[in-house]
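Worksheet for the structure shown next.
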Amino acid sequence: MQRFDSIISGGDVIDGTGAARRRTDVGIVDDRIVAVGDLAAAEAGHRIDAAGRCVAPGFIDAHTHDDNIVFVTPDMAMKVSQGVTSVVAGNCGVSLAPLALAAAPPPPLDLIGDRRDFRFAHMADYFAALDADPPATNIVAMVGHSTLRAGEMDRFDRAATGDEIRRMAARLDEGLAAGAIGMSTGLFYPPARHAPTEEVIALAHVAARHGTLYATHMRDEGDHVLDSIEESARIGREAGLPVILSHHKVAGVANHGRTVETLAAIDRVRRTQPLGFDVYPYVAASTVLSRDRVQTSSRTLVSWSKTVPAASGRDLAEIAAEWGVSPEAAVDRLLPAGAIYFLMNEEDVQRILRHPEAMIGSDGLPHDVHPHPRLWGSFPRVLGHYSRELALFPLEEAIRRMTGLTAARFGLRDRGVVRTGAFADLVILDPAAIIDRASFEAPKKPAAGVETVIVNGRTVWRAGALTGARPGRALRRQALDAPMKDWRASA
Ligand code: ZN
Ligand code: CU
């Protein structure tokens, strides 16, 4: 008779494919699930009673800026407390590697670290550092276009020259060979805003050669969002690789309701090429503080400020009134800083979430003093608020959007599913209790209802607390599947 290291018994297993739950047992040996079925008679080193609970694949955070926080707070409490077991880093054109800096990082690179944090000239060094000192969660990483630009260009207000493109391509090529799973851009941000589409296509060809993908924080998520979707699709088409639109949204009051158009455009593109997207479940965005963003925001909260640390968590309008200056002048005094912007509309957020292609990604900013609550709340919020309370979709479907779908899109082999042979990345949750507790006022509150979280067979979260285990792995592209391998199946 087979002996298991552990057996999770009597739970309602939700396997991550969208299939209905079924009451059964899950047997684990070492880092793998080796049996799913009736294991009442089997022997186990240790049994976890999951009666009345759901057992699901550990959640995969499709959109993170966790590149550096994995070294700073490797327990990853803000993620494992939500049931997240893997994170996708290097989004929005910003990756920690490959880049060794001698000066302060330009915004938005400063969202993930200071000069001394940008210390990995090669992607392989970054992965080696993770191997030597692993975090609690698994991590996959993309190479950021703005990071490449910061390494090769003296100024950002122009297109890269042929020579600079060749040097960026060489660094990207090396990073992908070392195991990065794709390239990301943040064409909205100053370091990349002046990069023409052709510059991105030239680099995307390199990503395509490695069989990886392209993720993008688009040039425009406001008035010209449809042009940006077309630009993103063109990059994917011409370079021949899958595209992920990051944190899909339409920003600005004038554009509220336009997800009807953007989702139709996405569906049109998807008929002829692989394209997916992620979304976070809130009406507010968060990034660096800037004058132009403040002007389109109905309310702005300061998330951090280097010059006025006490401003963190406060309303910009209040600060400006207190100082007797305009909000724009207040911005100038607070910089460098981060902010939370109320830009979106609830109906749009729900319409995007309901789309069957929507992957859940937190876009959390883990270094912020007063972070957007998406950092600690995104996954339980989708499960508790949008699935259970608002019935946007059944729990099984909500979980698919944060597990099986995401694993297929990013090519994370043997993850995102509960089945024999898969990695034992698992979460045990109370479906009646799960809910986010992080709010805009108190953003660092752990969620309720996440009882046990297991990464590669080891428990990292139990009864509302960290265990201290750090069994996460830096997953290399070479050990993974092709991204978007079955995108047509769900098109
Ligand atoms: Zn972004
Ligand atoms: Cu992002």
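The values are calculated or read from the model by the stated rules, or taken from the named source; none is laboratory data. Computed from a prediction, not measured in an experiment: that's the story for all the values here. Glycine gets a Cβ as well: all are built from the backbone with ideal geometry, and neighbour counts include every protein chain shown.
Inspect all residues belonging to the range 351-360 and state whether any of them is of a type in the set (Gly, Ala, Ser) and in contact (Cβ under 8 Å) with a residue 12 or more places away in the chain.
Checking the range 351-360: at least one residue is of a type in the set (Gly, Ala, Ser) and in contact (Cβ under 8 Å) with a residue 12 or more places away in the chain.
Considering only residues that are away from ligand 2 (no atom under 16 Å from the Cβ) and in a helix (DSSP H, G or I), look in the range 350-375 and name the one that is nearest to residue 264 (Cα to Cα).
Checking each candidate, the answer is 351.
Quick one: which residue in 348, 368 is outside the structural domain of residue 429 (by TED's automatic domain parsing), acidic (Asp, Glu) and touching a strand residue (DSSP E or B) at 6+ places or on another chain (Cβ under 6 Å)?
368
Filter the range 317-345 for residues that are of a type in the set (A, V, I, L, M) and touching a strand residue (DSSP E or B) at 6+ places or on another chain (Cβ under 6 Å); which is farthest from ligand 2 (Cβ to nearest atom)?
The extreme case among them is 334.
Return the residue satisfying two criteria in turn: it lies in the range 64-73 and is polar (S, T, N, Q) and either out of contact with any His (no Cβ under 8 Å at 6 or more places or on another chain) or closer than 19 Å to residue 398 by Cβ (or both), and of such residues it is nearest to ligand 1 (Cβ to nearest atom). Steps first, answer last, please.
Initially, the range 64-73 is screened for residues polar (S, T, N, Q), giving 64, 68, 73.
Still in the list and also either out of contact with any His (no Cβ under 8 Å at 6 or more places or on another chain) or closer than 19 Å to residue 398 by Cβ (or both): 64, 73.
Details: 64: 11, 73: 22 Å.
Across the range 64-73, the extreme among qualifying residues is 64.
Looking for something outside any helix (DSSP H, G or I), among the acidic types (Asp, Glu), assigned by TED's automatic domain parsing to the domain that holds residue 211 and within 16 Å of ligand 2 (Cβ to nearest atom) - is there at least one such residue anywhere in the range 268-283?
Checked against the condition, which is being outside any helix (DSSP H, G or I), among the acidic types (Asp, Glu), assigned by TED's automatic domain parsing to the domain that holds residue 211 and within 16 Å of ligand 2 (Cβ to nearest atom), the range 268-283 yields at least one hit.
Tell me which residues, restricted to the range 419-451, are among the β-branched types (Val, Ile, Thr) and over 21 Å from residue 406 (Cβ atoms).
435
Just checking, which of 66, 110, 117, 75 is buried (at least 16 other Cβ atoms within 10 Å of the Cβ), within 13 Å of the chain's Cα centre (by Cα) and of a type in the set (D, E, K, R)?
66 is the lone residue from the list that is buried (at least 16 other Cβ atoms within 10 Å of the Cβ), within 13 Å of the chain's Cα centre (by Cα) and of a type in the set (D, E, K, R).
Which one is farthest from ligand 1 (Cβ to nearest atom), of the residues in the range 49-63 that are closer than 14 Å to residue 140 by Cβ and of a type in the set (A, V, I, L, M)?
Looking at residues that are closer than 14 Å to residue 140 by Cβ and of a type in the set (A, V, I, L, M), I get 60.
Against the condition at pLDDT 95 or above, more than 20 Å from residue 108 (Cβ to Cβ), surrounded by fewer than 23 Cβ atoms within 10 Å (Cβ to Cβ) and aliphatic (A, V, I, L, M), how does residue 243 come out, does it pass?
The answer is no for residue 243.
If you check 365, 316, which single one turns out to be of a type outside the set (Val, Ile, Thr), more than 16 Å from ligand 1 (Cβ to nearest atom) and crowded, with 20+ Cβ neighbours inside 10 Å?
From the options 365, 316, the qualifying one is 316.
Is it the case, given these coordinates, that residue 73 is over 20 Å from residue 16 (Cβ atoms), assigned by TED's automatic domain parsing to the domain that holds residue 384, β-branched (Val, Ile, Thr) and more than 13 Å from ligand 2 (Cβ to nearest atom)?
yes
Give the range 397-418 a look and list any residue that's out of contact with any strand residue (DSSP E or B) (no Cβ under 6 Å at 6 or more places or on another chain), surrounded by fewer than 19 Cβ atoms within 10 Å (Cβ to Cβ) and closer than 26 Å to residue 10 by Cβ, or say none.
Within the range 397-418, 397 is the sole residue that qualifies.
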